[in-house]
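Okay, structure first, notes after.
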Amino acid sequence: MNYMLKYGLGCLLLVLALASCRKEPNYPDEPHITFKRVEQFDHDDRGLQIDSLFLVIGFQDGDGNLGLRTIDTENPDPDSQPPFNQGSPYEKNFIVKLLKQVPDPNNPDEYIFEEFQFPVAGFDLSGRFPRISSDDREEPLEGEIRYGLELTNENEDFFAPGDVIKFEVFIYDRETPVPNKSNVVVSEPITLFE
């Protein structure tokens, strides 16, 4: 019995020693992202077709300064101050370009993807994703961001059933005075309203 206790305690200490030797990952301070997938959910709302899309992006960041709180114009929150204030190029930290498949003007039998121009000036699909870490400690982070948006076929001049699109995405971190930009990733083609 004494032998079993010593053997069990020795194994436990060995496991604890090995677990404490785990090295922190060493990522660069600039965020690095990968396009994991697009989750697509189609539904009908009183005859209006809606595609709910969730862009799932994998990330790695060496200093853990990813995400911004909601803009608060009343309180002096650092996430609402320059360079992250309203109207700033860094107000949004999840930048999305929508690319739509169109006929290639140089080859009518082929298709290319072009950036979709929304008819309302200043409208885009970009936005803010919340802080990943709840404190300001500098530590490496790795995980996924799920970013949701909806497209409708309300006006088929924009999107019709069977249209094929892609998303081009990059993110910014909270580095000041100029945030670090991640690499740019592009999704696989997505067929709308199927």
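The values are calculated or read from the model by the stated rules, or taken from the named source; none is laboratory data. Being a predicted model, the structure only gives us computed values, none of them experimental. Neighbour counts are summed over all protein chains in view; Cβ atoms, including those assigned to glycine, are modelled from backbone coordinates with ideal geometry.
Out of the residues in the range 153-166 that are in a strand (DSSP E or B) and hydrophobic (A, V, I, L, M, F, W, C), which is surrounded by the fewest Cβ atoms within 10 Å (Cβ to Cβ)?
Val164
For Asp109, state whether it is farther than 16 Å from Ser52 by Cα, modelled with pLDDT under 95 and in a strand (DSSP E or B). Outline the logic, then answer.
On the way: farther than 16 Å from Ser52 by Cα: yes; modelled with pLDDT under 95: yes; in a strand (DSSP E or B): yes.
Spelling it out, Asp109 is indeed farther than 16 Å from Ser52 by Cα, modelled with pLDDT under 95 and in a strand (DSSP E or B).
Would you mind stating whether Arg128 is surrounded by fewer than 11 Cβ atoms within 10 Å (Cβ to Cβ), basic (Lys, Arg) and either farther than 20 Å from Arg37 by Cβ or free of Cβ contacts under 8 Å to residues at least 12 places away in the same chain (or both)? Outline the logic, then answer.
Working: surrounded by fewer than 11 Cβ atoms within 10 Å (Cβ to Cβ): no; basic (Lys, Arg): yes; either farther than 20 Å from Arg37 by Cβ or free of Cβ contacts under 8 Å to residues at least 12 places away in the same chain (or both): yes.
Judged against the criteria, Arg128 is not a match.
Checking the conditions here, which among Glu74, Glu115, Glu110 is loosely packed, with under 12 Cβ neighbours inside 10 Å and within 18 Å of Leu151 (Cβ to Cβ)?
On the way: Glu74 fails: within 18 Å of Leu151 (Cβ to Cβ); Glu110 fails: within 18 Å of Leu151 (Cβ to Cβ).
Result of the check over Glu74, Glu115, Glu110: Glu115.
Those residues that are of a type in the set (A, V, I, L, M, F, W, C) and modelled with pLDDT of 95 or more, I need them from the range 1-52; list them, please. Talk me through it step by step, then tell me what you get.
Start the filter on the range 1-52 by keeping residues that are of a type in the set (A, V, I, L, M, F, W, C), which leaves 1, 4-5, 9, 11-19, 21, 33, 35, 38, 41, 48, 50.
Ile33, Phe35, Val38, listed by residue number.
Output the residues belonging to the range 80-103 that are assigned to a loop (DSSP other than H, G, I, E, B) and either closer than 12 Å to Leu125 by Cα or of a type in the set (Lys, Arg) (or both). Explain how you work it out, then say what you get.
Our first condition is that a residue be assigned to a loop (DSSP other than H, G, I, E, B); within the range 80-103, this holds for 81-93.
Result: Lys92, Asn93.
Confirm whether Ser182 is farther than 25 Å from Pro103 by Cα, at pLDDT 95 or above and not acidic (Asp, Glu). Give the steps one after another, and end with the answer.
Working: farther than 25 Å from Pro103 by Cα: yes; at pLDDT 95 or above: yes; not acidic (Asp, Glu): yes.
So Ser182 fits the description; yes.
Just to verify a result, which residue in the range 167-179, among those that are of a type outside the set (S, T, N, Q) and either over 15 Å from the mean Cα position of the chain (by Cα) or surrounded by fewer than 20 Cβ atoms within 10 Å (Cβ to Cβ) (or both), is nearest to Lys100 (Cα to Cα)?
Keep residues of the range 167-179 that are of a type outside the set (S, T, N, Q), which gives 167-175, 177-179.
Within this subset, residues satisfying the condition of being either over 15 Å from the mean Cα position of the chain (by Cα) or surrounded by fewer than 20 Cβ atoms within 10 Å (Cβ to Cβ) (or both) are 168, 170, 175, 177-179.
Numbers: Glu168: 11, Phe170: 18, Glu175: 32, Pro177: 34, Val178: 31, Pro179: 29 Å.
Per the criteria, the residue is Glu168.
Here are Glu150, Glu188: which of them is within 17 Å of the chain's Cα centre (by Cα) and assigned to a loop (DSSP other than H, G, I, E, B)? Working first, answer last.
On the way: Glu150 fails: assigned to a loop (DSSP other than H, G, I, E, B).
On inspection, the qualifying residue turns out to be Glu188.
I need the full set of residues from the range 43-87 which are hydrophobic (A, V, I, L, M, F, W, C) and under 26 Å from Ser187 (Cα atoms), in order please. Explain how you work it out, then say what you get.
Just the residues of the range 43-87 that are hydrophobic (A, V, I, L, M, F, W, C), to begin with: 48, 50, 53-57, 59, 66, 68, 71, 84.
Answer for the range 43-87, where residues must be hydrophobic (A, V, I, L, M, F, W, C) and under 26 Å from Ser187 (Cα atoms): Leu48, Ile50, Leu53, Phe54, Leu55, Val56, Ile57, Phe59, Leu66, Leu68.
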